[in-house]
Amino acid sequence: MSAVEDLVVLDQPPAPTGPTGWAAARETARRAGRPGSAPPRVPLAEALGRTLAEPLTALTDLPAFDTSAMDGWAVAGPGPWRVSGRLLAGRPADGPLADGAAVEIATGAQLPPGATAVLRREHGEPDGPLLRERVPGALTTGQDVRPRGQECRRGEQLLPAGTRIGPAVLGLAAAGGHDLLAVHRRPVVELLVLGDELLGSGLPRPGLVRDALGPLLPPWLRAAGAETGEPRAVRDDFGLLRDALRHSTADVVVTTGGTAAGPVDFLHRALAEVGARLLVDGVAVRPGHPMLLAELPGGRHLVGLPGNPLAAVAGAVTLALPLLHALAGRGPGEPVRAVAVAALPGHPVDTRLLPVRRTAHGVVQLPYDGPAMLRGIALAEALAVVPPGGAAAGAAVELLEAP
């Protein structure tokens, strides 16, 4: 083997040989989602909900010129003033304002050179050709003037990279002179729901159950910054699953079911067939421990979630959401912690994720927290991260916010 080949081999993380710790699995998913390509630049109308890939800097002073903060008169020097003309927003000043002169002005209009203040309409009293203050001597220099550069100067950083783009960010970008923004791409996700036993509508029948994950997961994935289409049902057939993985063009494929070692759990075999590389193969967490993360050919990824609903939720918050947040350019954020009002039961050796709700004194466990149950997570405000052995009453536990 050549030195170059040695380097390539050493650069590859070792394949997992057993369950990965919960925190380590989440970090692996975040590292896997680091964007590698140059960020696109999109019009402001297409940037909402994305994340800034570069710091937002001002392309102009803001305001770009001295403006009036009120309707009234731009005045020069002390009064009384002789009034002539009118200035409206959107029109440049005709010329400088001489000492002792005034011009009627609208809010947002550019101040003429030489103006020293704006006299509000309700504070002024026209007296023939002159303008006087209703309260003499109350007007101060610079009053009701928005000076050029009051908010920022050209080239100043307004927001750091990684900022979520909401309506206020779009307004700030527009005010700062931007037509395009450098943003992280929205990762495209394809959801494959595996299993012959799943129904898309109607009541369960003997041996058949409703698919709960097809409706549940896409909104969570979209909230993490992804673009998703309709979930795709795949029967318990190795060839169908292998071909679905091979022909998917999504950045991330999310599957439900098939991650364990049952008679129709074909996911591991299908991943091997398409040349995928396992990054996480099982996580020391309950519920959801048979979840997995794999790198597909072409730098794409697959997150394999267990088929039981709450176990799939645990897999989503452990692997899928950190991966998608990273791909969308979102940071992990500061951990949220809260006090357990009563003891939270744990697993003897694994991390446990428990649905909880907040009270005035901390968080309390919700019932219906079995791997196949959804009532608990439907009522939950968060999932508590309970360390092996459990958390005593009064102990602080990390919370994962329910999307």
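Tell me, which residue of segment 218-242 that is of a type in the set (Gly, Ala, Ser) and in a helix (DSSP H, G or I) is surrounded by the fewest Cβ atoms within 10 Å (Cβ to Cβ)? Restricting to residues being of a type in the set (Gly, Ala, Ser) and in a helix (DSSP H, G or I), the top hit is GLY239. A count restricted to segment 1-27 and to residues that are under 16 Å from ALA276 (Cα atoms) and either surrounded by 17 or more Cβ atoms within 10 Å (Cβ to Cβ) or at pLDDT 95 or above (or both) stands at 1. Based on what the data block shows, is LEU181 at pLDDT 95 or above, of a type in the set (A, V, I, L, M, F, W, C), under 30 Å from LEU302 (Cβ atoms) and buried (at least 19 other Cβ atoms within 10 Å of the Cβ)? So LEU181 does not fit the description; no. Within segment 391-402, residues that are in a strand (DSSP E or B) have Cβ atoms under 8 Å from residues that are surrounded by 12 or more Cβ atoms within 10 Å (Cβ to Cβ) and among the charged types (D, E, K, R) in these pairs: ALA396/ARG337; VAL397/ARG337; GLU398/ARG337; LEU399/ARG337; GLU401/GLU381, counting only partners at least 6 apart in sequence or on another chain.
Taking each residue of segment 86-107 that is on the phi > 0 side of the Ramachandran plot and looking for partners that are buried (at least 19 other Cβ atoms within 10 Å of the Cβ) and in a strand (DSSP E or B) with beta-carbon atoms closer than 8 Å, six or more apart or interchain, yields GLY100/TRP81.
Quick check on segment 323-340. Is at least one of its residues without any contact (Cβ under 8 Å) to a residue 40 or more places away in the chain and over 23 Å from the mean Cα position of the chain (by Cα)? Checked against the condition, which is being without any contact (Cβ under 8 Å) to a residue 40 or more places away in the chain and over 23 Å from the mean Cα position of the chain (by Cα), segment 323-340 yields no hits at all. Would you pick out the residues in segment 260-299 that are assigned to a strand (DSSP E or B) and in contact with a Phe, Trp or Tyr (Cβ under 9 Å, 6 or more places away or on another chain)? Across segment 260-299, the qualifying residues are VAL283, ALA284, VAL285. The number of residues in segment 15-35 being within 18 Å of LEU271 (Cβ to Cβ) and either part of a loop (DSSP other than H, G, I, E, B) or not aliphatic (A, V, I, L, M) (or both) comes to 7. When LEU292 is tested against the conditions (1) over 22 Å from GLY21 (Cβ atoms); (2) surrounded by 24 or more Cβ atoms within 10 Å (Cβ to Cβ); (3) modelled with pLDDT of 95 or more, the lone failure is (1).
Consider PRO92 carefully, then state whether it is modelled with pLDDT under 95, surrounded by 15 or more Cβ atoms within 10 Å (Cβ to Cβ) and part of a loop (DSSP other than H, G, I, E, B). No, not satisfied.
Somewhere in segment 244-262, is a residue loosely packed, with under 14 Cβ neighbours inside 10 Å and farther than 18 Å from ALA276 by Cβ? There is at least one residue in segment 244-262 that is loosely packed, with under 14 Cβ neighbours inside 10 Å and farther than 18 Å from ALA276 by Cβ.
Assess whether ARG222 counts as being without any contact (Cβ under 8 Å) to a residue 60 or more places away in the chain and within 40 Å of the chain's Cα centre (by Cα).
Numbers: without any contact (Cβ under 8 Å) to a residue 60 or more places away in the chain: yes; within 40 Å of the chain's Cα centre (by Cα): yes.
It is true that ARG222 is without any contact (Cβ under 8 Å) to a residue 60 or more places away in the chain and within 40 Å of the chain's Cα centre (by Cα).
Contact annotation: no residue pair with Cβ atoms under 8 Å, 6 or more positions apart or on different chains, pairs a residue in segment 162-178 that is in a strand (DSSP E or B) with a partner that is exposed (fewer than 11 other Cβ atoms within 10 Å of the Cβ). Among the conditions (1) part of a strand (DSSP E or B); (2) surrounded by fewer than 17 Cβ atoms within 10 Å (Cβ to Cβ); (3) among the small types (Gly, Ala, Ser), the only one that ALA102 does not satisfy is (2). Close contacts from segment 188-212, counting a first residue that is in the same structural domain as VAL313 (by TED's automatic domain parsing) and surrounded by 13 or more Cβ atoms within 10 Å (Cβ to Cβ) and a second that is in a loop (DSSP other than H, G, I, E, B) and polar (S, T, N, Q), with Cβ to Cβ under 7 Å and a gap of 6+ residues or different chains, come to GLU190/SER248. With the structure loaded, tell me whether ARG330 is part of a strand (DSSP E or B) and charged (D, E, K, R) or whether it fails that test. Answer is no for this residue. Residue count for segment 243-259 satisfying the condition of being more than 17 Å from VAL188 (Cβ to Cβ), outside any strand (DSSP E or B) and out of contact with any Pro (no Cβ under 6 Å at 6 or more places or on another chain): 3.
Can you give me the number of residues within segment 260-281 that are touching a residue at least 24 places away in the same chain (Cβ under 8 Å) and touching a Ser or Thr at 6+ places or on another chain (Cβ under 7 Å)? Residues flagged as touching a residue at least 24 places away in the same chain (Cβ under 8 Å) and touching a Ser or Thr at 6+ places or on another chain (Cβ under 7 Å) within segment 260-281 amount to 3. Residues in segment 181-213 that are of a type outside the set (D, E, K, R), in contact with a Ser or Thr (Cβ under 8 Å, 6 or more places away or on another chain) and not in a loop (DSSP other than H, G, I, E, B): VAL183, VAL188, VAL189, LEU191, LEU192, VAL193, LEU194, LEU213. Specify the residue that is farthest from GLY21 (Cα to Cα); the eligible residues are those in segment 331-366 that are surrounded by 14 or more Cβ atoms within 10 Å (Cβ to Cβ) and among the polar types (S, T, N, Q). It comes out as GLN365.
The values are calculated or read from the model by the stated rules, or taken from the named source; none is laboratory data. This one's a predicted model, so the numbers in the text were calculated from it and none came from an experiment. Positions of Cβ are backbone-derived with ideal geometry, glycine not excepted, and every protein chain shown enters the neighbour counts.
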